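A.B. asks: Structure provided below as structure tokens; questions to follow.
The values are calculated or read from the model by the stated rules, or taken from the named source; none is laboratory data. Note that the structure is a prediction, hence the values are computed from the model and not measured. A quick note on method: Cβ atoms are made from the backbone with ideal geometry, for glycine too, and the neighbour counts reach across all protein chains shown.
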Ligand code: URP
Ligand code: ZN
Ligand code: ZN
Ligand code: ZN
């Protein structure tokens, strides 16, 4: 078993910052010690002087190869996990999809078939329930036993992934009984579909109308409803991709009452806005996702929520569609633009920039990008921290390197960058996944098939 010694770096975790030597033994972190205090020998020494030594990122929301709007998200597990590694993420939790009318098991098997043997980094699955009924409810405990311990329900997309309130309540009751965690896509899809139809009838077909019809109030309303349903079911709740200030207020109010309610936001809501959706010449299609990008004024509430722990996690909702041939399906009808943005490679860097911009502290960066998602989704203590016994998923991060984000240089399998031309300070230098070097001083040296499926523990509250 190879031993690796990382010297000279500043170790940053969600709780501490200290200069230390970090010894990796095989797949695990073996020990940390004060610089120069030990005579450790190792097969490989990594000099991290002037750099941070941080836990590998945990991206709890990705969609590799997701079927959507008659096409498929353009990153495979092979290309998407490689891009994740380039961006300092060493674990993803992707969403397996139950095909409507079939068993959850069928969706889970399909996702294993896509991912197994193809990933550069470790991966786990949530389950999207497209069809809550007696039979799928009965399947939930079996999935939990296999380490698929969270279930996403959609209050949006009627006729596709949508569940009604009764279905959501039943799934929450079942999850509460088995230790599963219900995640909701909280938008009132029934009302939104009416507004979509009316907009199209008026001739409002451009991408910016996607943002306008998916009203912030309808996100807040669904968030409120999901919280009350979870309360009735006495189950915890995790709301994905929160974008509206009014939705943050609902989560904050619930948490102030002591309810086990949690929220995630994504870099696109923190760094992009409805202005991007309004870019001329159908460029706005590049920014179509749901929940939608909001007017800039919403961003302050998201940053505040991340500081006050009313939002706990930043995931990417990585769901790339190429502009050419995929986003273009919605020319002349915004409702036909496949929903989703690329970003799995950009999250750690954008959030580091947020540290420099004074939005969050360095430790909070690691909390929201590594530690909190690991705890929330049953990956702690293996993932999300630098500690003896944890998986040796370690990133050497250069906080001074300046880079310009661009489709020319990124590694995601998509023909545009949502952050084209944006300059950020901070860059991943070296990445280890369970002790194996995947990125070596900005060269990819990993391999498809190194990444393993990680069965997750059940949700613990308080955790
Ligand atoms: O627009 C998005 N977010 N696409 C992915 C599916 C989802 O709702 O998370
Ligand atoms: Zn230092
Ligand atoms: Zn969603
Ligand atoms: Zn998603």
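A.B. asks: Tell me whether the stretch 57-73 contains one or more residues that are modelled with pLDDT of 95 or more and more than 16 Å from ligand 1 (Cβ to nearest atom).
C.D. replies: yes
A.B. asks: Those residues that are farther than 14 Å from residue 55 by Cα and assigned to a loop (DSSP other than H, G, I, E, B), I need them from the stretch 4-14; list them, please.
C.D. replies: The answer is 8, and nothing else.
A.B. asks: Let me ask you something else. Could you grab the pairs with beta carbons closer than 8 Å, sequence gap of 6+ or different chains, first residue in the stretch 314-325 and touching a residue at least 60 places away in the same chain (Cβ under 8 Å) and more than 26 Å from residue 367 (Cβ to Cβ), second one within 16 Å of ligand 3 (Cβ to nearest atom) and in a loop (DSSP other than H, G, I, E, B)?
C.D. replies: Within 8 Å, the pairs are 320/73; 320/340; 320/342; 321/73; 321/338; 321/340.
A.B. asks: Now for a different question. Are any residues in the stretch 15-41 crowded, with 17+ Cβ neighbours inside 10 Å and assigned to a loop (DSSP other than H, G, I, E, B), and if so, which ones?
C.D. replies: The answer is 20, 27.
A.B. asks: Quick check, is residue 259 more than 16 Å from ligand 3 (Cβ to nearest atom), free of Cβ contacts under 8 Å to residues at least 40 places away in the same chain and either within 19 Å of residue 305 (Cα to Cα) or within 22 Å of the chain's Cα centre (by Cα) (or both)?
C.D. replies: Yes: the conditions hold for residue 259.
A.B. asks: May I ask you to list the residues in the stretch 156-165 that are under 20 Å from residue 66 (Cβ atoms) and out of contact with any strand residue (DSSP E or B) (no Cβ under 6 Å at 6 or more places or on another chain)?
C.D. replies: Scanning the stretch 156-165 gives 157, 158, 159, 160.
A.B. asks: Further, regarding this structure: Considering the stretch 252-264 alone, what residues qualify as being in a loop (DSSP other than H, G, I, E, B) and either under 29 Å from residue 423 (Cβ atoms) or within 16 Å of ligand 2 (Cβ to nearest atom) (or both)?
C.D. replies: Residues of the stretch 252-264 that are in a loop (DSSP other than H, G, I, E, B), as a first pass: 257-260.
Within the stretch 252-264, no residue meets the criteria.
A.B. asks: Out of all the residues in the stretch 226-251, which are assigned to a helix (DSSP H, G or I) and more than 18 Å from residue 462 (Cα to Cα)?
C.D. replies: Of everything in the stretch 226-251, those that are assigned to a helix (DSSP H, G or I) and more than 18 Å from residue 462 (Cα to Cα) turn out to be 226, 228, 229, 232, 245, 246, 247, 248, 249, 250.
A.B. asks: Sticking with this structure for a sec: Take residue 147 and decide whether it is more than 16 Å from ligand 3 (Cβ to nearest atom), over 17 Å from the mean Cα position of the chain (by Cα), free of Cβ contacts under 8 Å to residues at least 24 places away in the same chain and surrounded by fewer than 17 Cβ atoms within 10 Å (Cβ to Cβ).
C.D. replies: For residue 147, the condition - more than 16 Å from ligand 3 (Cβ to nearest atom), over 17 Å from the mean Cα position of the chain (by Cα), free of Cβ contacts under 8 Å to residues at least 24 places away in the same chain and surrounded by fewer than 17 Cβ atoms within 10 Å (Cβ to Cβ) - is not met.
A.B. asks: State all residues of the stretch 295-325 that are crowded, with 22+ Cβ neighbours inside 10 Å, within 24 Å of residue 407 (Cβ to Cβ) and more than 16 Å from ligand 4 (Cβ to nearest atom); if no residue qualifies, say none.
C.D. replies: None; the set is empty.
A.B. asks: Quick one: would you say residue 102 is at pLDDT 95 or above, more than 16 Å from ligand 4 (Cβ to nearest atom), under 27 Å from the mean Cα position of the chain (by Cα) and under 30 Å from residue 328 (Cβ atoms)?
C.D. replies: no
A.B. asks: Kindly evaluate residue 1 against the criterion of being within 16 Å of ligand 3 (Cβ to nearest atom) and part of a loop (DSSP other than H, G, I, E, B).
C.D. replies: In short, no.
A.B. asks: Please go through (1) away from ligand 3 (no atom under 16 Å from the Cβ); (2) crowded, with 17+ Cβ neighbours inside 10 Å for residue 225 and return the number of the only condition it doesn't satisfy.
C.D. replies: (1)
A.B. asks: Inside the stretch 332-382, counting only helices (runs of 4 or more DSSP H) that do not spill past its ends, which hold 3 or more residues that are buried (at least 24 other Cβ atoms within 10 Å of the Cβ)? Spell out how you get there, then give the answer.
C.D. replies: Details: elements: 347-356, 362-366, 372-376.
Result: 347-356, 372-376.
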